[in-house]
Amino acid sequence: MLNNPGDIYEYLSDIDLTGTNVFVDPETSGCKTFALFSGSTNSSIMLPGGCIGNPSSDPLYQQNYPVESWGNTYGFIPFSSKSPSGAPVRTNGNYVRILAKDNNTQVQYNGNLVATLKAGEFYQTPNPVNEPAYITSNNLIAVAQYSLTQICAGGGFSDPDMVILNPVEYNIKNITVYSSNRENISEQYVNILIKTSAASSFKVNGTIPKGTFTPLKGAPSFSYLQLNLNQYSSRNFN
């Protein structure tokens, strides 16, 4: 029981807790809300067969979306596979993990059925993928992408990380983000997914972005852009 606003409860486990259902007691706290964060104290995210060398590791830490804001449709865009100079890097791609809310959840990846899941079960791509994809389901799902540790990434800089994606159903028209270059962060990008018909209206800090939108495989009505933020002098982006 958490008695006061701002109280925190932490649950630790040695096993993967993906699919765990966390909710308030409907009898005593049905009208109360909380924020849920998940992750790992320290993780190295490797290729299926491992990697040669000493892998880097980092904490994974993200806020989880409530099931009410899960969706049926997602666009997956890998982290950039080009350095600011244009050299190929991080070519091995990212893992994608898809979590089901309900039984008989049929997951399609670029139009192909890849899994039928029970509530709390997840599907993860057997290998990292380096091509954008369109993910759909008949029931609500949550989707996360994971970057590889540097020695596994396929060149360039890479830290293991977890990003929980937002569904197409909850896209927004206006957002301001800050991208830090501290702690030796030398390459900065943002992935953008937008309806193809609206791509020409997209602007960064009031100007047309320095990049080209590409139709999403399996769903050409959406387009994506891996925007290189190193091209801009500002660290704030609207």
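The values are calculated or read from the model by the stated rules, or taken from the named source; none is laboratory data. All values reported here derive from a predicted model rather than from experimental measurement. All Cβ positions, even for glycine, are placed from backbone atoms using ideal geometry, and neighbour counts span all protein chains on display. Side chains included, ligands, DNA and RNA excluded: accessible areas come from the protein's heavy atoms. Shrake-Rupley method; radii C 1.70, N 1.55, O 1.52, S 1.80 Å.
So what are the stretch 199-238's ellipsoid semi-axes, whole angstrom, largest first, if each one is the square root of 5 times an eigenvalue of the alpha-carbon gyration tensor?
Rounded to whole Å, the semi-axes are 22, 11, 7.
Please report the relative contact order for the chain, taking Cα pairs under 8 Å with a sequence separation of at least 6, and give it as a percent rounded to a whole number.
Here the relative contact order equals 20 percent.
Simple spin-label model, 7 Å along Cα-to-Cβ: residue 104 to residue 185 in nm?
4.5 nm
Mind listing the phi-derived Karplus ³J(HN,Hα) values for the stretch 74-88, rounded to whole Hz, using 6.51, -1.76 and 1.60 with θ = phi - 60°, and x for any glycine or proline?
9, x, 9, 10, x, 5, 3, 9, 10, 6, x, 7, x, 6, x
Would you work out which of 83, 54, 137 lies farthest towards the positive end of the dipole of the stretch 1-142, given +1 charges on the beta-carbon of Lys and Arg and -1 on that of Asp and Glu, about the Cα centre?
Of the candidates, 83 comes out farthest on the positive side.
Accessible area per residue, 1.4 Å probe, Å², for the chain: what's the number?
The answer is 61 Å² per residue.
Count the net charge of all other residues whose Cβ sits under 15 Å from the Cβ of residue 127, scoring Lys and Arg as +1 and Asp and Glu as -1.
Taking every other residue near residue 127 into account, the sum is +1.
Using 0.36 nm times the number of residues separating residue 130 and residue 236, minus their current alpha carbon distance, what extension gain do you get?
35.4 nm
How many percent of the accessible area of the chain is carbon or sulfur, using a 1.4 Å probe?
Exposed carbon and sulfur together represent 52 percent of the surface.
Find the Rg to Rh ratio for the stretch 1-126, where Rh is the Kirkwood radius over alpha-carbon pairs and Rg uses the same atoms.
Rounded to two decimals, Rg over Rh is 1.01.
When the chain is treated as a GNM, springs tying every alpha-carbon pair under 10 Å, which of 60, 227, 17 comes out with the largest mean-square fluctuation?
17
Amide H neighbours of residue 119 under 5 Å, counting only residues 5+ apart in sequence or on other chains, H built in-plane at 1.01 Å?
103, 104
log10 I(q)/I(0), Debye, Cα-only the chain, no solvent, q = 0.10 Å⁻¹?
Debye curve over Cα of the chain, log10 I(q)/I(0) at q = 0.10 Å⁻¹: -0.54.
Whenever you get a sec, line up 121, 10, 27, 187 from highest to lowest accessible area (probe 1.4 Å, protein heavy atoms).
Result of the area sort, largest leading: 27, 10, 121, 187.
If you average 1/r over every pair of different alpha-carbon atoms in the stretch 55-95 and take one over that average, what Kirkwood value in Å do you get?
13.7 Å
Per 5 Å bin, what is the whole-percent P(r) computed from every C-alpha pair distance within the stretch 132-238?
Going out from 0 Å in 5 Å bins, the stretch 132-238 shows 2, 9, 17, 21, 21, 17, 9, 2, 0 percent.
For the stretch 105-145, what is Rg from Cα atoms divided by 2.2 N^0.38 Å, rounded to two decimals?
Taking the Cα Rg and dividing by 2.2 N^0.38 Å, one obtains 1.11.
What residues qualify as long-range amide H neighbours of residue 213, i.e. H under 5 Å apart, gap of 5 or more or another chain, H built at 1.01 Å from N?
none
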